[in-house]
Amino acid sequence: MAKLWGGRFTKETNKLVERYTASISFDQQLAEEDIEGSLAHVQMLGECGVIAAEEAEQIKEGLLKIKEKIQTGEVQFSVEHEDIHMNIEKLLIDEIGPVGGKLHTGRSRNDQVATDMHLYLRKKINRFVQLLEEVQQAIIKQAEAHVKTILPGYTHLQRAQPVSFAHHLLAYFWMFERDKERFKDSLKRVNISPLGAGALAGTTFPINRRRTAELLGFDGVYPNSLDAVSDRDFILEFLSTASILMMHISRLSEELVIWSSQEFQFIELDDAFCTGSSIMPQKKNPDVPELLRAKTGRVYGHLIGLLTVLKGLPLAYNKDMQEDKEGMLDTVATLEGALQLLAPMLDTMQVNTEKMRQAVQEDYANATDIADYLVNKGVPFREAHAIIGQVVLYAIQHKKFLLDLSLDEYRQFSPLFEADIYDILQPEHVVSARKSEGGTAFNEVKKQLELAKTVLEEKA
Ligand code: ARG
């Protein structure tokens, strides 16, 4: 089969080479963007008089026909035509004849492929912002139901101080908010047009780059043609934002796995989001959060992979850069799957408020509050800390919790203890007392919840 670039060659390409260098198996996912870019390019060529208006019209019609054929699955892509760009050009020439050969006037696959990826990532980033908002909605729904649900808050995975469950969940709301901000901010760099940079140096034809940028909805054009075809920063940035997002999803997933264990029993994931064991009939496994946690690995891998591909490349385009695609496409698929599952899984999660309550009660997580009690009576914090350390040790040795000690027992450690200590030690009091801005006091959490809702509505 004749190559579109076959002119200066005297031999057929080795079949293994053909296979090895082709990208059609994966870049066919960019078909829609490739046609979109070509439609804008050809319209501009017609407007600028680089090709005749009727020719531009014929090419446009041909491209639309090919788009339709791709959508209905009538098209067979071939390795002989290497990539999506040459496959579509070949299909076009087959469809409308030699005039199809005018499409590639004044451009190169180098600015073409970069354009495709800018268009593709713009579309996907907008989709991820939307999917993240669905996850945030699910978090808000659970948080609204659990402002007054108290569970132990942990540091070092040791019970530290009780917190509102809504407060804990909302921490993830803000992580996802930052992920959204990073995605949206990156659009400034994603949404610019490399088209018209040609192979590397620009073109001799009187094209209008601003016009194609406008037709494609880009906010501007790359000011340097070499940079336009060599830049993959916008993909790296996408991969790094995706990596941070996956890290957040992984941390949340880890908590879901722990919380749904027999040891914690704080939550139960809906049956629809769990799987069973082939041997142990009693098992209900949290496979979804486990896989979400694990899939973080491949996304980090793609980021490091592409950073490494690019690090030694001279300007401008190098074939190495074809390796930017599979990692990007896999990251898109991974994020899409993760975010689509996360929202309904959180939404349908059952919260075992009694188990959380029990964990709070059978614990010493209110110890800081008796230390603060003594501090309020004038004892320096460090001294109070030492006294309460003794109290906790005494309680542990006597197999009691802090609420079970008598006032006489408390007074052995300090004469400042009064009967009101028992109110101070109640979990509700312990939580309510943390009124500092952004703290876990119920009123603070309610304010935070309102803020989260406003942020989500404003941006929607
Ligand atoms: N398939 C190529 C890629 O993905 C398209 C650009 C090819 N350009 C070239 N000069 N060989 O990078």
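The values are calculated or read from the model by the stated rules, or taken from the named source; none is laboratory data. The structure displayed is predicted, hence computed values, not measured ones. Quick reminder, even Gly has a Cβ in these numbers, built from the backbone with ideal geometry, and neighbours come from all protein chains shown. Each accessible area value is taken on the protein alone, full model and side chains, heavy atoms only, with ligands, DNA and RNA left out. Shrake-Rupley method; radii C 1.70, N 1.55, O 1.52, S 1.80 Å.
In table form, for the structure just shown:
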quantity	calculated
Sorted peptide list for 234-243, 341-350, criterion being average Cβ within 10 angstrom, highest first	234-243, 341-350
Dipole magnitude of the chain about its Cα centre (Cβ charges: Lys, Arg +1; Asp, Glu -1), debye to nearest 20	740 debye
Average accessible surface area per residue within segment 54-207, 1.4 Å rolling probe, Å²	41 Å²
FRET efficiency, 1/(1 + (r/R0)^6) with R0 22 Å, evaluated for residue 25 and residue 61 via beta carbons	0.15
Per-peptide average of other Cβ atoms within 10 Å, ordering 431-440, 185-194 highest first	185-194, 431-440
On Cα atoms only, tilt of 53-71 relative to the major axis of the chain in degrees	50 degrees
Principal-axis tilt of helix 109-145 within the chain, Cα atoms, nearest 10 degrees	20 degrees
Heavy-atom accessible area per residue - segment 359-458, 1.4 Å, Å²	55 Å²
Spatial separation of Cα centroids for segment 152-211 and segment 240-307, in angstrom	22 Å
Segment 101-117-segment 5-52 distance, computed between alpha-carbon centres (Å)	7 Å
Listed pairs 148/453; 60/123; 148/180; 15/67; 60/184; 123/325 exceeding 24 Å between Cα atoms	148/180; 15/67; 60/184
Area accessible to solvent at residue 248, 1.4 Å probe radius, in Å²	10 Å²
Long-range HN-HN contacts of residue 221 with modeled amide H, under 5 Å	193
Whole-percent carbon and sulfur share, accessible surface of segment 359-458, 1.4 Å	54 percent
Accessible surface of segment 110-352, 1.4 Å probe, proportion on carbon and sulfur as whole %	53 percent
In degrees, nearest ten, helix 287-310 long axis to first principal axis of the chain (Cα)	50 degrees
Hz values of 3J(HN,Hα) by residue in segment 207-216 - Karplus curve (6.51, -1.76, 1.60), Gly and Pro given as x	7, 10, 5, 5, 5, 5, 4, 5, 4, 8
Carbon/sulfur fraction of accessible area - segment 15-105, other protein chains in place, 1.4 Å, %	50 percent
Accessible-area value, residue 184, 1.4 Å probe, nucleic acids and ligands omitted, Å²	80 Å²
Packing-based ranking, highest mean first, of 44-54, 313-323 given that Cβ atoms within 10 Å are counted	44-54, 313-323
